[in-house]
Every structure is written in structure tokens, then in C-alpha cells.
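Take a look at the structure set out below.
The values are calculated or read from the model by the stated rules, or taken from the named source; none is laboratory data. Worth saying up front: this structure is predicted, and the values here are computed from it rather than measured. So basically every Cβ, Gly included, is an ideal-geometry build from the backbone, and we count neighbours across all protein chains shown.
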Amino acid sequence: MPERVINLADFKKPNPRNVLIIVGIIVALIIAWGTFVIVPAGHRGVVLWWGSVENRIMGEGLNFIVPIAERVIKVDVKVQPHPFREIDASSKEYQNVKMTGMMNFHIDPAYVNDLYQKVGLDFADKVIDPAFNDFVKEVVPTYPIGEILPKREEIRKRAMTKLGDNLQRYHIIVDDIYFANIRFSPEYEGAIEAKQVAQQQVETQKQVLAQREIEAQQKVATAKGEAQSILVVAQGQAQANDALSRSITPILVQYKGIEKWNGILPQVSGGAVPFIELGKMGGSSGGAEVIKK
């Protein structure tokens with residue numbers, strides 16, 4: 001069998017037919033790949049026909065398009081946070097107030113094409129921040145500086161309504177608003193801090209006075225108890241003395257005197273013998289009468 005001689009020229013000059021086939025396959029793959037697009041969950045597809053926004057909106061999942069002529073812009077329609085820039089405003093007394101916050105919002109899925117056509121994807125810088133800036137400069141000056149913090153929730157609700165009405169025309173729906181920080185001038189913040197310190201000191205003094213008042217009341221109660229105890233003892237002693245005095249009779253006094261007599265008759269002058277008349281022991285003298293004989 002004759003051996004075939006490999007000519008290097010065969011590799012330098014490819015077959016035109018094979019080249020066309022390879023090119024055709026590549027083009028077919030490109031065209032096939034460009035005939036569909038996948039829209040992720042929580043997104044909608046804005047369809048552009050040669051750069052012009054179409055009326056139809058692609059939903060989530062696999063969608064078919066016309067290759068080359070159509071292009072799809074994927075827009076997030078989930079709830080998203082947007083931090084506000086710090087806004088300078090003035091209170092009712094023209095005191096400096098700085099306010100920052102956060103807004104949760106989402107785009108109406110049925111109108112993503114309209115938003116893209118009128119505003120674009122940079123809608124946060126174009127419409128959200130200016131709307132918040134207008135709200136702060138319009139609403140904050142209606143409040144005295146001392147009411148801004150206590151009425152923070154009221155201001156937040158007004159912001160929800162005001163921004164909601166403002167952004168609704170762009171199909172941006174406000175879900176919630178939070179005020180992350182409200183700051184005042186250093187001088188006013190120092191005055192607030194000094195006032196808080198003074199209030200704390202007043203509260204401390206009130207607590208001390210209340211404690212002292214309680215201690216005084218306890219001492220008064222103790223003194224009243226001791227006085228009451230002394231009074232009860234004195235009343236008892238008085239009652240005992242009264243009962244004792246009522247129990248002492250003249251006869252008992254005479255009897256006690258006789259009990260203490262040692263049996264020796266009293267001596268009288270003249271040698272007379274004293275005579276004790278017991279019959280008169282009931283006399284007023286309370287003792288026996290001595291009669292000289």
C-alpha cells in the first residue's frame with residue numbers, strides 16, 4: 001500500500017466549505033442564545049425595541065425576544081431601602097436642625113417601563129432625595145425646636161403621606177420611613193444636656209427629701225408608740241394606786257398599828273398606869289386611847 005505524503009500546504013489553506021460551516025454554527029448559536037432571556041425573581045423586564053421602550057413588560061422566568069432588535073432591562077421591584085442624605089433645615093425659631101433617615105420603597109411592577117422611560121434607573125437621586133429635601137424644608141420649620149424630638153412620630157407620619165403622594169406619580173410606592181438621626185446646633189445640644197443634668201439633680205434631691213420624710217415619719221411613729229406605751233403604763237399605775245387607796249380603811253390602819261406594837265406600854269409622868277381602851281379604837285385618831293389612872 002503506497003504511503004501518503006502529508007503536505008504542509010494542506011494545513012495552511014483550509015477548505016472554504018469547512019470555514020463556512022463553522023461560521024454558520026457559531027452564528028446559529030449566537031442567534032439561538034439571543035432568542036431568550038431569564039428575568040430573576042423579584043424583577044421585571046423592560047423591553048427595548050431598537051432602543052425604544054415597548055409597552056409589554058416581561059415577568060419572572062424564561063422569556064423569548066427577537067435577537068438583536070430587542071433588549072431587556074431588568075428592574076428590581078422588591079422592597080428596597082434608601083438612605084436619605086443629611087438635610088439642613090431650620091426650626092420655627094430659626095434654630096439649625098439636621099435630619100437624616102431611611103425609606104423603604106418598591107416600584108409598582110405594572111409600570112416599570114413607564115418609570116424607566118420617564119426617569120431611568122437612577123430615580124433615587126432624581127426624585128426620592130429631592131422629595132425628602134422638600135419635605136424637611138417645608139415641614140420642620142412649622143415646629144418649635146423643643147417639639148421636634150417629642151413629635152418625631154408625628155413628623156414621620158407626615159413624611160409618609162407627603163412623600164407617598166409625591167412619589168406616586170413616578171410609580172414609586174413608599175412602604176415606611178425612619179428618621180435615623182436628628183441633630184441640632186452644638187449650643188442647643190449643650191443647653192439640652194445641661195437641662196437634663198439639672199433635671200436629674202432635681203430628681204435626686206426629690207428622692208433624698210422623700211427618703212428623709214419617710215425617716216421622719218418613722219421617727220414620729222416610733223415616738224407616738226413610745227408615748228402611747230408610757231401613757232398606758234401610767235394609766236395602769238394610776239388605776240392601781242386608786243384601787244389601793246380605796247382599800248385602806250381606818251380599821252386597817254389601826255390593825256397595822258397594833259401589828260407593829262412591841263407590847264411595851266408608853267411611860268407617863270406621876271407613876272400612873274396607862275390604860276388602853278380598846279372600845280374606842282374606831283375613833284378618828286386611828287389608835288388606842290391611853291387613860292391615866
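Checked against the criterion of being out of contact with any His (no Cβ under 6 Å at 6 or more places or on another chain), modelled with pLDDT of 95 or more and assigned by TED's automatic domain parsing to the domain that holds E153, the candidates F105, F132 yield just one match: F105.
Being aliphatic (A, V, I, L, M), outside any loop (DSSP other than H, G, I, E, B) and either surrounded by fewer than 16 Cβ atoms within 10 Å (Cβ to Cβ) or in contact with an Asp or Glu (Cβ under 6 Å, 6 or more places away or on another chain) (or both): is that true of A110 here? Considered against the rule, which asks whether it is aliphatic (A, V, I, L, M), outside any loop (DSSP other than H, G, I, E, B) and either surrounded by fewer than 16 Cβ atoms within 10 Å (Cβ to Cβ) or in contact with an Asp or Glu (Cβ under 6 Å, 6 or more places away or on another chain) (or both), A110 comes out as yes.
Of all the listed residues (I214, I276, I182), the sole one being among the β-branched types (V, I, T) and at pLDDT below 65 is I276. Screening Y111 with (1) in contact (Cβ under 8 Å) with a residue 40 or more places away in the chain; (2) under 29 Å from the mean Cα position of the chain (by Cα) gives one miss only, at (2).
If only residues of segment 138-182 that are part of a helix (DSSP H, G or I) and in contact (Cβ under 8 Å) with a residue 60 or more places away in the chain are counted, the one that is nearest to Q117 (Cα to Cα) is L167. With the requirement that a residue be buried (at least 16 other Cβ atoms within 10 Å of the Cβ) and in a strand (DSSP E or B), what does segment 83-105 give you? I87, A89, V97, M99, T100, G101, M103, F105, listed by residue number.
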